[in-house]
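A short write-up of the structure that comes next.
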Amino acid sequence: MVWVILSVDLGKTSCRAALGGRRVVGAGAPGLAAPGGVRAAQTAILFVAKQFGPVEEVIVGAAGALNAPEAARALGEALLASLRLQRVTVTSDAVIAHAGALDGKPGVALIVGTGVIALAIDADGALRTADGWGPSLGDEGGGSWIGAAGLRAALRAVDGRGAPTALLDAARTRFGPPQTWPAQLTDPAALASFAPDVLAASDDPVAMGIVNSAADSLAATARAVGNGPVAMVGGLAGVKALRERIDVVAPVGDALDGTLRLGAIHEPHVIRLSAHSDSLAPPNSLDALATEAVRPDLHDLDARPIADVVALLVAAEGEAHHAVVAALPQIAAAAEAIAARLERGGRLIYAGAGTPGRLGVLDAAECGPTFRTDIVRGVIAGGPAALTEAIEGAEDSFTPTDFADLTAADVLVGITASGRTPYVLGALRHARATGALTVAIVNNFGSEAPADVVIELLTGPEVLAGSTRLTAGTSQKVVLNALSTSVMIALGKAYGPRMVDVRATNAKLRRRAVRIVRDAAGVDEDAATAALAAAGGHAKTAIVALLAGVDVAEASGRLDRARGRVRDALVRRT
């Protein structure tokens, strides 16, 4: 058997993976020592890993691993379970960069990207670092430092506190008016995005002063860790002006190469974990799922103060956002495919059991009044009674009669945290057999859900192990909101940011309808109220009548010809 190894370089800006000459890039993670760092790292790695086939081993270099060995071990254990690996190796991204640059031999790796760290490893494995203190206290000479220095110089020029500089015009071009910069530039990556402008301004004395200071800082950082060959690597390693004060050697390879060049000198700084075959659950077992796993740091959860538990739960719910963002390409693909089906007269039908089923029914119910539509429906295992109570065994088998009216024109979205719920998988198979478009929303890697589009929301273990109504449920709700709302906007149910197809069935919604017509048409309250009354309470018709200067009948006809789209109805005359 060929032993297949996936190499992963996980930084704060990006997550790169390589296997057999193929490379994939995804979003990075904030660092293992950051709050929620292990979960964010796992999500980032699973996103790139799923683009390759099954592997036996993963070797990861992750930001923050050196300073947070317990978090590095927790990441390794999470990857063993979620990817069904035989072995996992976790170390720092700086260590794999060192191994790649120096071919596994002793020396100094000066890593210059958004941040800066110098890492020296001797022949006996002794490790020393300099800088790497982050953007607030260190990273001197790195991308965020250079970008911030350039922006400060530009603001000094604005205020008259400093010399005029071409960096001001460059920053205005990139970021807009200076008054908006503080709100925009709140993280290292954003600051680092201005570094290329500073480095390119070779004729500007202010910019060159910044670059020279950066070069001095980098040279001092490299010297601080000792003697030996210095290989400069990272996103800014190719900038000649930054390495002029350092006697550098050409790097042999990059960090991904370094995962396969870890040698004896690196072993003291590496965590290796192996799966034991006698303790592994079968691949399709519930016990093997990441959503069923126990977080390693919560053994005393029941003994913690309730305020601490509340804070932990809220923080965990916030982590759902990272999982959703990682799945954006699949969510967008699903939304486009759903809109195309519904444009041709199909319906959107959600299928789920338990919490996912309730979320599907909820989203469908909200579409009626919000978008004046009856083409979205939610189906839950066990029927309506399952909305308010647990119907034992309802999810364990598929009920064909629940989808008897499903047609090839429709879309079925199956929602299952585990990715293995029999009721949902059965609904998806039934839908595929009818020719309907199928979408699966799951919270585990490598689900066997039979769908045209699979949206994996890799939320990992819950604070309360197995309770997927928590973070997994939050991520599902966000995706359902995104799917139904984006699809309805695409179908003409909005004009700008306004829900112009709202069904005004109570006092609040009637007031909202008046406000929508007033603001969209740019008229006063009385004109909006009168137009809405003439249109029978239909905001779309009232808006078209007011903006096009036509009567209600003509406005209604225009909307029919424009397939309900206000913007098109305003420009079409036939």
- From the residues Pro106, Leu79, Ile96, which one has its Cα farthest along the dipole of the range 58-201 in the positive direction, the dipole being from +1 and -1 charges on Cβ of Lys/Arg and Asp/Glu about the Cα centre? Leu79
- Which one of Ala353, Ser484, Ala494 has its Cα pushed farthest toward the positive end of the charge dipole of the chain, where Lys and Arg give +1 and Asp and Glu give -1 at the Cβ? Ala494
- Item | Label corresponding to volume of the Cα convex hull per residue in Å³ when calculated from the structure given, among [x] 226; [y] 215; [z] 159 | [y]
- In a shell of Cβ-Cβ distance under 13 Å around Leu6, excluding Leu6 itself, what net charge do Lys and Arg (+1) and Asp and Glu (-1) give? +3
- Query: Counting Lys and Arg as +1 and Asp and Glu as -1, each charge on the Cβ, what is the dipole of the chain about the Cα centre in debye, to the nearest 20?
  - Reply: 1860
- Between the helical axis of 69-83 and the dominant principal axis of the chain, each derived from Cα atoms, what acute angle in degrees is found, rounded to the nearest 10? 50
- Rounded to whole angstrom, the alpha-carbon centroid of the range 489-520 lies from that of the range 105-132 at a distance of 59
- Query: Taking a spot 7 Å from the Cα of Val249 along the direction of its beta carbon, which residues of the range 115-142 have an amide N less than 20 Å from it?
  - Reply: 117-130
- Note on the structure: Stretched fully, the stretch from Ala408 through Arg272 gains (0.36 nm per residue minus C-alpha distance, one decimal, in nm) 44.0 nm
- Query: Taking Cα pairs under 8 Å and at least six residues apart, what relative contact order does the range 491-548 come out at, in percent?
  - Reply: 30
- Query: How many Lys pairs in the chain lie less than 21 angstrom apart by Cα atoms, where the lysines are 8 or more positions apart or on different chains?
  - Reply: 5
- Item | Surrounding net charge for Ala433, when Lys and Arg each add one and Asp and Glu each subtract one, Cβ distance under 15 Å | -2
- Query: Rounded to the nearest 5, what is the percent of antiparallel bridges among the DSSP beta bridges in the chain?
  - Reply: 40
- Item | Degrees separating the helix 37-49 axis from the principal Cα axis of the chain, which is the longest one | 80
- In deg cm²/dmol, rounded to 500, what helix-only [θ] at 222 nm does the chain give when every DSSP H run of at least 4 residues adds -39500 (n - 2.57) and the total is split over its residues? -13000 deg cm²/dmol
- For the chain, the charge dipole (Cβ of Lys, Arg +1; Cβ of Asp, Glu -1; about the Cα centre) points to a positive end, and the Cα of Pro54, Pro369, Gly414 closest to that extreme belongs to Pro369
- Task: Specify the angular offset, from 0 to 90 degrees and rounded to the nearest 10, of the alpha carbon long axis of helix 525-534 from the longest principal axis of the alpha carbons in the chain.
- Result: 50
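If you take every residue apart from Pro422 with its C-beta less than 11 Å away from the C-beta of Pro422, what net charge results, scoring Lys and Arg +1 and Asp and Glu -1?
Neighbourhood net charge equals 0.
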- Message: Probe radius 1.4 Å, ligands and nucleic acids ignored: give me the carbon and sulfur share of the accessible area of the chain as a rounded percent.
- Response: 55
- Query: Where the centroid of each part is defined by its Cα atoms, how far is the range 169-243 from the range 23-41 in Å?
  - Reply: 24
- Query: By DSSP, what percent of the beta bridges with both residues in the range 375-510 are antiparallel, rounded to the nearest 5?
  - Reply: 10
- Label-point gap, in nm, between Asp187 and Asp122 - each point 7 angstrom along Cα→Cβ: 3.9
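The values are calculated or read from the model by the stated rules, or taken from the named source; none is laboratory data. Here the structure is a predicted model, which is why all the values come from computation and not from measurement. Because the Cβ atoms are built from the backbone with ideal geometry, glycine has one as well, and the counts that use them run over all protein chains shown. Just the protein is used for accessible areas: all its heavy atoms, side chains included, with ligands, DNA and RNA removed. Shrake-Rupley method; radii C 1.70, N 1.55, O 1.52, S 1.80 Å.
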